[in-house]
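Report on the following structure.
Taken together, the values in this text are just the output of simple stated rules run on the coordinates, not laboratory data. Source: prediction; values computed, not measured. Because the Cβ atoms are built from the backbone with ideal geometry, glycine has one as well, and the counts that use them run over all protein chains shown.
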Amino acid sequence: MHRMKVVLVASASALFLVIVAWGCAPRASGPQTIRIEVTDRGFVPAEVKVRAGAPVTLLVTRKTDATCAKEFTIPDLGVRQALPLDQQVEIDLAPHAHGDLHYVCGMDMVSGTIKVQ
């Protein structure tokens, strides 16, 4: 009887560990597509979240000529891309480290953040 309890407790513990490990496993690292627009209010959305280690494509479209945001830059990654009016621009990234990446216009006046999680 005592041996059966030990086996039962051990089995339950093993099952618990499997469930916890499965829940902590990295999520699928498929490509991510994020749309960002430049409007009168600046970059919309001004904050986006992406998974670390998964490729990211930013689709950036400038919808206004009323701001200085005619370029999209991510200084930490050396990204600098012109934003023609009403044309979608693709910017491919592969952020590996967790943390914040800041994106700004060419004049560093309009900004946003990519939260890498």
Quiz item: Using a basic spin-label model with each label point 7 Å from the Cα along Cα→Cβ, how many nm lie between ARG80 and GLU37?
Solution: 2.9 nm
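Using packing as a proxy for protection, rank 66-74, 105-113 so that the peptide with the highest average count of other Cβ atoms within 10 Å comes first.
Details: 66-74: 17.6, 105-113: 15.7.
Per-residue Cβ counts within 10 Å, averaged per peptide and sorted highest first, yield 66-74, 105-113.
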Quiz item: How much FRET efficiency would the formula 1/(1 + (r/R0)^6) give for THR61 and MET109, where r is the Cβ-Cβ distance and R0 is 25 Å, rounded to 0.05?
Solution: 0.85
Exercise. Give the dimensionless ratio obtained when the Cα radius of gyration of region 38-102 is divided by 2.2 N^0.38 Å.
Key: 1.13
